[in-house]
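Comments concern the structure below.
The values are calculated or read from the model by the stated rules, or taken from the named source; none is laboratory data. On a predicted model such as this, the values are computed, not experimentally measured, just so you know. Cβ coordinates were reconstructed from backbone atoms using ideal geometry, including for glycine residues, and neighbour counts include every protein chain displayed.
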Amino acid sequence: MSIHEGHRSRTRERFFQDGLDGFSEIEALELLLYYAIPRQDTNPLAHRLLDHFGNLDYVLGASEQELCEVPGVSKHTAALIMLVRQMTRRGEISRTANIKTIASVEEAAAFLVPRFHGEADEKLILLCLDCQMRITHCEVINHGVVNSVLFDLRKIVETALKRRADTVILAHNHPNGPLLASREDDDATSALYRALDTVHILLYDHLIVFKDQYISYRQSGAMDLFRYTL
C-alpha cells in the first residue's frame, strides 16, 4: 500500500466513525476530491480551491466555469463538487412531496424555500395553483447572476395562462442578502400583480428568500396595497 493509499484509507475510516465534525475544511474537501482524483495527493488542490474561493461554502456553490479556473480542476472534478450542493437541494425538495395544496404563507414557504438551498445565483420561481389552491405546476422562470435576476412579466403571465392557473405565487432569492425587498422588487411585484389581474389570475404572494429564511409580501400587507391601487 502506498503512502497516499494508506492516508486515504485512514481518512475514510475516520469519516465513517465520526463524520465530518472533526475535519477541517481542508480535510473535508481533500476527502471529497478522493472520488474525482483517484491516484494523486488531493491536499494541494484542496488548498488551492479554498485559497481561491475563501471558504468551503463558496467552493461548493461555484459554477463549472469558476471551478475550472483553478489549476488542477477538471470538468470531472467540477461535476463532483457541484453535485454535492445540488444533491443536497434535491434531498430538501423531496421532503416537500407531500405538500399538495397551499393554505397559508407558511405552507408556501415550506414548499418553495428548499428550492433555493445553496443557490449561489438569483433564481425566480413561479408556483401555479388551481381554484382550490392545489399545486398544478412549479417552474424556474429565470436564473441570473447574483442580484440581477430579471422579472420577465410576459413569460410569467404566459406560463400562468398555459398552466391554467387561477392563483400564482412568486419567489426569488437574495443569495448574499439582505432579507429585504428592494425598490426594484416592489416595482416588479406591483407590475406583475396588475398584469396578472388583467387575465383574472391572482398573485397570492411573493416570497424573498435568504438561506433558510424568507419574507412575504402578503404577511407585510403589501399585496392588499397592490389590490387597492388597481
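Some notes on this structure:
- Residue satisfying condition, being farther than 23 Å from residue 121 by Cβ, outside the structural domain of residue 143 (by TED's automatic domain parsing) and either part of a helix (DSSP H, G or I) or more than 18 Å from the chain's Cα centre (by Cα) (or both), within set 66, 27: 27
- Cβ pairs under 6 Å, 6+ apart, first in region 60-71 and more than 16 Å from residue 87 (Cα to Cα) and free of Cβ contacts under 8 Å to residues at least 40 places away in the same chain, second of a type in the set (D, E, K, R) and surrounded by 13 or more Cβ atoms within 10 Å (Cβ to Cβ): 70/48
- Filter result for residue 120 (among the hydrophobic types (A, V, I, L, M, F, W, C), in contact (Cβ under 8 Å) with a residue 12 or more places away in the chain, surrounded by 15 or more Cβ atoms within 10 Å (Cβ to Cβ) and in contact with a Gly (Cβ under 6 Å, 6 or more places away or on another chain)): yes
- Among the residues of region 123-142, the one identified as surrounded by 13 or more Cβ atoms within 10 Å (Cβ to Cβ), of a type in the set (A, V, I, L, M, F, W, C) and part of a loop (DSSP other than H, G, I, E, B) is 133.
- A count restricted to region 155-170 and to residues that are more than 16 Å from residue 108 (Cβ to Cβ), among the charged types (D, E, K, R) and touching a residue at least 24 places away in the same chain (Cβ under 8 Å) stands at 2.
- Test: residue in region 143-154 that is within 23 Å of residue 87 (Cβ to Cβ), in a strand (DSSP E or B) and modelled with pLDDT under 95: yes
- Residues in region 197-229 that are in contact (Cβ under 8 Å) with a residue 12 or more places away in the chain, among the aromatic types (Phe, Trp, Tyr) and out of contact with any His (no Cβ under 9 Å at 6 or more places or on another chain): 204, 214, 226.
Residues checked against (1) surrounded by 14 or more Cβ atoms within 10 Å (Cβ to Cβ); (2) at pLDDT 95 or above; (3) not assigned by TED's automatic domain parsing to the domain that holds residue 139:
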| site | (1), (2), (3) |
| --- | --- |
| 9 | no, no, yes |
| 17 | no, no, yes |
| 21 | no, no, yes |
| 51 | no, yes, yes |
| 75 | no, yes, yes |
| 81 | yes, yes, yes |
| 107 | yes, yes, no |
| 112 | yes, yes, no |
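- Residue satisfying all of: in region 179-220; modelled with pLDDT under 95, in a loop (DSSP other than H, G, I, E, B) and in contact with a strand residue (DSSP E or B) (Cβ under 7 Å, 6 or more places away or on another chain); surrounded by the fewest Cβ atoms within 10 Å (Cβ to Cβ) among these: 179
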